[in-house]
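Report on the structure given below.
The values are calculated or read from the model by the stated rules, or taken from the named source; none is laboratory data. Since the model is a prediction, treat every value here as computed from it, not as a measurement. Here the Cβ is made from the backbone with ideal geometry for all residues, glycine too, and neighbour counts use every protein chain on show.
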């Protein structure tokens, strides 16, 4: 099966969030399963700056009509690292040679409609220019949601696309590609398509709605989120549209790339470690596995993290959080309980950037409690890995979370997640109770009510378990032994592709 993965970002070329991790991993897993898969995305400035030496010109120059103007765009080619998966890059500097992908801290780029309508058209033009006809166009979020619309309308009579089908993956329904009515002519679609059943949304153009209506299959990035987005609380106004397509809407949990996220091999850590210290056990036959201390490397990571973040090297619980600073991620709850955390015998490290208001509140708390709270208000990939390895617990109190990846990284690194029971967090984290611990299914702590009190109570529960080292080690080992790789998820995507083509 030929699959074109159409995305606005992909690791390692360009990233703002989890979509990039998915786009950088799924095609490689599909190729390992024998599928003929390629990737297409814009050629951004950050991609050019880092990967220009690995990029080659295909010799193909695409011609894309936008608002009555024909735009020429060279099609470039490289591969996903450590694979032979082709990556095609659409090169149009007026749209993509910018500091950021979608906008500046002041707001979205005002021409985002033009930029991604153009990219969707280019993603359809590229395979035809290469004479490589995909069976499936796997589209992702609003930036590529017009592709299914075109396949069912303007491209439907072209024999090249006659057998093509589409899958649209919904990574975060809060971002829909909504633009003024005046942007609709840029699509090149017949005026009749601007109606309440297809692309019109309260008088505006909604690209994601069009994709949801026209895609052959849909999926959200966790089973729970696929159900939640059909409700008023999580549907962001599109719950009715999604409910009408419920029989074509699936949930596939994201996986993680253990090649990049594995404490036993992670080159960004000051010390490596795994769930069992084979060397220690080999030389200490009288030590039972349950009582062994396999995590000396993790203890070294904790000390190094404390030093790097300006925290005293004390043997106290160390909590971590890596996030976009936004209320969606529960940062309002975190800010509300910071004084309570500072009164407990623990330390807290936060890494992230986001809204100015949250930035200022967190920075102030860090200055007030410098020996307890370390606020790293930046983006630093190395530090992100070191927080996952050095912390004892990882907080994810999200208001909603389509899937979440950091809780899965945390499990592998023996850092116990403390999460709100929503979306993918509910699907992956089993609350620690005496029963779940005895069954060997407990791997973290969860709470349901979206309130500071509920979050603080959950943290206190985790601290009580932490005070029992043997129980805590068991909880860590359960999480570290679980497999959240892309293997299972890629197989589910294969199944969806076949359903779309049937």
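Limited to the range 448-459, what total is found for residues that are surrounded by fewer than 21 Cβ atoms within 10 Å (Cβ to Cβ) and either free of Cβ contacts under 8 Å to residues at least 40 places away in the same chain or in contact with a strand residue (DSSP E or B) (Cβ under 8 Å, 6 or more places away or on another chain) (or both)? Full working, then the answer.
First, pick out the residues of the range 448-459 that are surrounded by fewer than 21 Cβ atoms within 10 Å (Cβ to Cβ): 448-454, 456-457.
Okay, now just the ones that are also either free of Cβ contacts under 8 Å to residues at least 40 places away in the same chain or in contact with a strand residue (DSSP E or B) (Cβ under 8 Å, 6 or more places away or on another chain) (or both), so 448-450, 453-454, 457.
Result for the range 448-459: 6.
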Of the residues that sit in the range 323-348 and are within 21 Å of the chain's Cα centre (by Cα) and assigned to a loop (DSSP other than H, G, I, E, B), which one is farthest from residue 17 (Cα to Cα)? 330
If a residue must be more than 25 Å from the chain's Cα centre (by Cα), assigned to a helix (DSSP H, G or I) and closer than 14 Å to residue 64 by Cα, how many such residues does the range 125-155 contain? 6
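Any residue in the range 427-435 that is in the same structural domain as residue 346 (by TED's automatic domain parsing), over 30 Å from residue 174 (Cα atoms) and in a helix (DSSP H, G or I)?
Yes, the range 427-435 contains a residue that is in the same structural domain as residue 346 (by TED's automatic domain parsing), over 30 Å from residue 174 (Cα atoms) and in a helix (DSSP H, G or I).
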Of the conditions (1) at pLDDT 95 or above; (2) out of contact with any helix residue (DSSP H, G or I) (no Cβ under 6 Å at 6 or more places or on another chain); (3) more than 26 Å from residue 26 (Cβ to Cβ), residue 289 satisfies every one except a single condition; which number is it? (1)
Would you confirm whether any residue within the range 6-16 is in contact with a helix residue (DSSP H, G or I) (Cβ under 7 Å, 6 or more places away or on another chain), farther than 23 Å from residue 323 by Cβ and assigned by TED's automatic domain parsing to the domain that holds residue 130? yes
Only listed residue being closer than 21 Å to residue 2 by Cβ, in the same structural domain as residue 221 (by TED's automatic domain parsing) and more than 22 Å from the chain's Cα centre (by Cα), chosen from 160, 119, 95: 160
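What residue, among those in the range 96-122 that are in contact with a strand residue (DSSP E or B) (Cβ under 7 Å, 6 or more places away or on another chain) and part of a helix (DSSP H, G or I), is nearest to residue 51 (Cα to Cα)?
Keep residues of the range 96-122 that are in contact with a strand residue (DSSP E or B) (Cβ under 7 Å, 6 or more places away or on another chain), which gives 96, 101-102, 109, 113-114, 117-119, 121-122.
Of the ones still in play, those that are also part of a helix (DSSP H, G or I) are 96, 113-114, 117-119, 121-122.
Details: 96: 15, 113: 27, 114: 25, 117: 25, 118: 23, 119: 20, 121: 24, 122: 21 Å.
Here the answer is 96.
Would you be able to tell me the number of residues in the range 368-398 that are part of a loop (DSSP other than H, G, I, E, B) and surrounded by 19 or more Cβ atoms within 10 Å (Cβ to Cβ)? Before the answer, list the steps.
Taking the range 368-398 first, the residues part of a loop (DSSP other than H, G, I, E, B) are 369-372, 377-380, 391-392, 397-398.
Those left that are additionally surrounded by 19 or more Cβ atoms within 10 Å (Cβ to Cβ): 372, 391-392, 397-398.
Residues that pass the stated criteria total 5.
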Check the range 399-408 and report whether any residue there is surrounded by 22 or more Cβ atoms within 10 Å (Cβ to Cβ), assigned to a helix (DSSP H, G or I), within 17 Å of the chain's Cα centre (by Cα) and free of Cβ contacts under 8 Å to residues at least 60 places away in the same chain. yes
Just give me the residues in the range 1-34 being within 21 Å of residue 221 (Cα to Cα) and in a loop (DSSP other than H, G, I, E, B), in sequence order. 7, 8, 9, 11, 12, 15, 16, 17, 33
Pairs, first free of Cβ contacts under 8 Å to residues at least 40 places away in the same chain in the range 366-384, second not in a strand (DSSP E or B), C-beta under 6 Å, six or more apart: 369/342; 373/365; 373/366; 375/362; 375/363; 375/366; 379/353
Just wondering, is there one or more residues in the range 349-367 that are modelled with pLDDT of 95 or more, farther than 21 Å from residue 467 by Cα and in a strand (DSSP E or B)? yes
Yes or no: the range 182-193 includes at least one residue that is over 15 Å from residue 67 (Cα atoms) and buried (at least 17 other Cβ atoms within 10 Å of the Cβ). yes
I'm trying to understand the selection: among the residues of the range 156-192, which are assigned to a loop (DSSP other than H, G, I, E, B) and more than 17 Å from residue 238 (Cα to Cα)? 156, 157, 158, 162, 163, 164, 180, 188, 189, 190
Could you say which residue among 89, 124 is in contact (Cβ under 8 Å) with a residue 40 or more places away in the chain and either touching a helix residue (DSSP H, G or I) at 6+ places or on another chain (Cβ under 9 Å) or in the same structural domain as residue 156 (by TED's automatic domain parsing) (or both)? 89
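For (1) buried (at least 21 other Cβ atoms within 10 Å of the Cβ); (2) in contact (Cβ under 8 Å) with a residue 24 or more places away in the chain; (3) in a helix (DSSP H, G or I), each residue gets a yes or a no:
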position: 218; (1), (2), (3): yes, yes, no
position: 224; (1), (2), (3): yes, yes, yes
position: 227; (1), (2), (3): no, yes, yes
position: 231; (1), (2), (3): no, no, no
position: 236; (1), (2), (3): no, yes, no
position: 240; (1), (2), (3): no, no, yes
position: 254; (1), (2), (3): yes, yes, no
Within the range 327-340, which residues are out of contact with any helix residue (DSSP H, G or I) (no Cβ under 6 Å at 6 or more places or on another chain) and more than 16 Å from residue 419 (Cα to Cα)? 339
Hey, residue 83 within 28 Å of residue 190 (Cβ to Cβ), in the same structural domain as residue 219 (by TED's automatic domain parsing) and either modelled with pLDDT under 95 or part of a strand (DSSP E or B) (or both) or not: no
